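See below for the structure under consideration.
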There are 4 protein chains.
Amino acid sequence: MDINVDMGEAFGAWPGGPDEAMLRAATSANVACGFHAGDPRTMARTVDLCRRLGRNVGAHPSYPDLVGFGRRAMAATPEEVRTDVLYQLGALDAFCRGAGVRMRHVKGHGAIYNVAVKDAPTARAMAEAVVAFDKTLWFFALPGTLLGEAGQAAGLRVAWEAFADRAVRRDGTLVPRGQPGALITDPETAAARAVRIAREGVVVPADGGEPIPWRADTICVHSDTPGAPEIAAAVRRALEAAGVEVRPLGE
Amino acid sequence: MDINVDMGEAFGAWPGGPDEAMLRAATSANVACGFHAGDPRTMARTVDLCRRLGRNVGAHPSYPDLVGFGRRAMAATPEEVRTDVLYQLGALDAFCRGAGVRMRHVKGHGAIYNVAVKDAPTARAMAEAVVAFDKTLWFFALPGTLLGEAGQAAGLRVAWEAFADRAVRRDGTLVPRGQPGALITDPETAAARAVRIAREGVVVPADGGEPIPWRADTICVHSDTPGAPEIAAAVRRALEAAGVEVRPLGE
Amino acid sequence: MDINVDMGEAFGAWPGGPDEAMLRAATSANVACGFHAGDPRTMARTVDLCRRLGRNVGAHPSYPDLVGFGRRAMAATPEEVRTDVLYQLGALDAFCRGAGVRMRHVKGHGAIYNVAVKDAPTARAMAEAVVAFDKTLWFFALPGTLLGEAGQAAGLRVAWEAFADRAVRRDGTLVPRGQPGALITDPETAAARAVRIAREGVVVPADGGEPIPWRADTICVHSDTPGAPEIAAAVRRALEAAGVEVRPLGE
Amino acid sequence: MDINVDMGEAFGAWPGGPDEAMLRAATSANVACGFHAGDPRTMARTVDLCRRLGRNVGAHPSYPDLVGFGRRAMAATPEEVRTDVLYQLGALDAFCRGAGVRMRHVKGHGAIYNVAVKDAPTARAMAEAVVAFDKTLWFFALPGTLLGEAGQAAGLRVAWEAFADRAVRRDGTLVPRGQPGALITDPETAAARAVRIAREGVVVPADGGEPIPWRADTICVHSDTPGAPEIAAAVRRALEAAGVEVRPLGE
């Protein structure tokens, strides 16, 4: 099982999250590419941190919305999505080349990910950008969504994603941020969820009922949840204690 | 002799220059990378235009100054210059990969080029960015400047540059924009200068005196001079008529 | 009848529209405030042009989307809309103070106007910004929309708007840009429409049927339609020939 | 004696400094206006905080350099400086109007202040912007500088400024940030300096020698120094204990 975390979300004089602590627990880093966070100096430092800790680097492209941290949906055309994502993939790749590491995956950030999950043209545009750039990159997607379908249809390797620290509903969608219980902040609860996902392929929905199936190749732990490093560390420890091998996605 | 032109300097709803007409006369295109001009759609279109016309694509990185079109010097640290340039090289390269073409050269835009010509730390930072990205790229520089020295010291292939449409002074510097006579707008005058540069390796300074030596591997024709396409076409015709082979820089 | 035109939509080195020609035909100018177009130099020049020609200055606030020219809807919260609009009103007002003129009206630009027409929280947020800034400003709105209602509910003077050069549908909405016939580019056709709006308070819908009522205090002529200055001039001439007094909205 | 602090230097999702704690010790707030920090939501909240605590609001305009936090000098023309400052004054004023408070002063931020201190055209451009906007605003300047002269020549009320937490040199300039000893981080040392400035009009230079005269109407305590709230509180307490009345600049 891969553990992925967002990373490099500083900007200029403003700080990012607890990157090194998060990265110690994780195997893959989703690195901000400048459109919602991540100026060039931050990108260089973040890629270098991943290199030093031996973690996989992936791109974390966003809508162009620095002031909104990429969390606001925009009526962008597929061509705008495709070229904005392509631009960001290339920008991050330059720092990978500079550091002598290879980019391994792509995970949309914030609103562009949430829109792509439900909107086929956006999903296809993201997949097309990745195909144009590097067909071997892992394409992160929520299981059962148009985003995953678009990745598969484009011939990409899709890494199905689960969230250790986000409640889900019976229909397989996330409880929206801002609703009560959306975030799971207790490390042991998050860790126990991660273990069931990894070992049984199920998750218990917040709105009651039976566990629902949830295939996952990678488990996300958010970096901006209170106590995020403790959650990430607990998830990793629990997975390892349960005999789940924590390792990056394969070549 | 290579002929280079700036290209892709539109932004969003705002138009760029006469790109296709300029490119027909040129062999190399310096493509804006988003910091002074060139949003991702424009970059995609511009790289595609170069591909269709079979012209070489190069990056045209700038200080981050959209409102100032990259023409204002900034007190950027070498680390800022290095990472800003690296970011832009990567961003453009993504569109090259998407279009199946290779990036061939790098030429600084506006103020970053003018500063790098005279400021060793900036010059070195630009060269380091190119080395980190791709050591085989041609590195454009004014002859006799710190920028060219930095490129050579870093092990890059330096393409020495002359300007068909800019007056120069006895000391080998350009007459600053805004001063009378700085721009040469008569196509035949520009063309005649280009021929002397290519065949004799000299240019006649605007402040009088003997022709000065000017080694050039590439001749720039600016896209924003009035009548730019006519100047570019005249330069190409005159070079060819004088028996100078107009072709891109070698592999 | 007031005639309003968008203005000051240059940015940095990129040109705007035919401002002076448009303004000669108009009585009110909607001046870009920096979020979709209009850097500070452009704003200063534009306000000065209005002062010289004796035209009324109004603010033309937008979503923060320079690369999309403010034409893309964004999932902005009401607080984001309110404060973004307030910021832009103040920024433009500074240039009015500098030029010794008074700001007279507010008209949303592009997507923020189109969203506010149908979305009550956005409409209210725009009205709240204007109330907070200056309750005496005219608040431009399409008749029969939530935007107009929000302005009235907030105690603002609403100037109902019609478009000389945009086709409308039986339901009172505009034919979306990009659909055939959305733009009316023949000056005489646009002028005849303006006269019927001004004299009879009706407009003929593009999808057939009877003329529909359309109350208008101000008629917009777009600056980016091909032949815009001719359309604007024809509209003004036709209104005056029909005995309609062309004059700015009252104090 | 006035005590001024920088404020509202958050941006979007990124946090600012300890604003409320700083403001409790201060009498005047220099509020970021969006060019180096301070998005519209932050500006609204910051002005509201000043209103609740009864502190004076002033503008803190900057070069347009978000990624560099306004700390990098730029080769801006006087017209660029004048209009950039005017834009920011207006933007902040909108929030003052919304909150029912009056803007009272202007203090340049970072590089624009440092350049204006030594460069007459920049200094004059800043003063012209303030005159165009509101001649009654206090204009903050380092004593003995071109900035102060420009303010006086333009007919503005100049508030001479001293820094409690920055070392100065015999020639009356600040020890540059980054040099050893540039920042004074011990609260009692800073407080003692403030008292000598207020009572004796002198400051002891870091490079030795006699105390030099330093006229001050306002003392700045930086918000980004480690322990800034303790320094600010100590300065205020010490001034009051020494019988210096701490109060905002007069009407």
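Dimensions of the stretch D:156-233 based on its C-alpha atoms, expressed as ranges along the principal axes with the largest first, amount to 29, 28, 23 Å.
Bridge orientation summary for chain C: considering DSSP beta bridges with both residues in this region, about 15 percent are antiparallel. Helices that extend 30 Å or more along their long axis by alpha-carbon positions and average at least -1.0 on the Kyte-Doolittle scale are, among the DSSP H runs of chain A, A:78-99. The C:Ala75 and B:Arg170 beta-carbon pair, evaluated with R₀ = 56 Å, returns a calculated FRET efficiency of approximately 0.40. Going by a ≥ b ≥ c, the root eigenvalues of the Cα gyration tensor, does the protein assembly as shown fall in the rounded group (a/c under 1.5), the prolate group (a/b larger than b/c) or the oblate group? Rounded, because the longest to shortest axis ratio a/c is under 1.5. A Förster distance of 56 Å, applied to the separation of the beta-carbon atoms of C:Arg51 and B:Arg51, puts the FRET efficiency at 0.70. Across chain A, the relative contact order, built from alpha-carbon pairs under 8 Å that are at least six residues apart, equals 20 percent. A simple rule links phi to the HN-Hα coupling: the Karplus curve 6.51 cos²θ - 1.76 cosθ + 1.60 with θ = phi - 60°, which for the stretch C:210-216 gives 5, x, 10, x, 8, 7, 9 Hz, with x for Gly and Pro.
Looking at the stretch A:139-230 only, what percent of DSSP beta bridges run antiparallel? Nearest 5 please. Roughly 40 percent of the DSSP beta bridges within the stretch A:139-230 come out antiparallel.
Once the convex hull of all Cα atoms in chain C is built, its volume per residue stands at 112 Å³.
Only the Cβ atoms of Lys and Arg (+1) and of Asp and Glu (-1) were treated as charged; on that basis the dipole of the stretch C:2-241 about its Cα centre amounts to roughly 420 debye.
Only helices enter this figure: runs of n ≥ 4 DSSP H residues, each worth -39500 (n - 2.57), summed and divided by the residues of chain B, yield -13000 deg cm²/dmol at 222 nm to the nearest 500.
Among the trypsin sites (Lys or Arg not before Pro) in the stretch A:123-168, those placed in a DSSP loop whose Cβ has at most 12 other Cβ atoms within 10 Å are A:Lys135.
Entry note, the stretch A:1-62: relative contact order of 37 percent, from Cα contacts under 8 Å with a spacing of 6+ residues. Using 1/(1 + (r/R0)^6) with R0 = 51 angstrom and r between the beta carbons of D:Arg177 and B:Thr185, what's the FRET efficiency to the nearest 0.05? About 0.65, to the nearest 0.05. Per residue of B:58-69, other chain Cβ atoms within 10 Å of the residue Cβ number 4 on average. Sum up the lysine pairs in the protein assembly as shown that clear both bars: alpha-carbon distance under 26 Å and a spacing of 8 or more or different chains. Total qualifying Lys-Lys pairs in the protein assembly as shown comes to 16.
The numbers here are math on the coordinates, done by the rules we state, and not lab data. The structure displayed is predicted, hence computed values, not measured ones. Methodologically, a virtual Cβ is constructed for each residue, glycine included, from the backbone with ideal geometry; neighbour enumeration extends over all protein chains shown.
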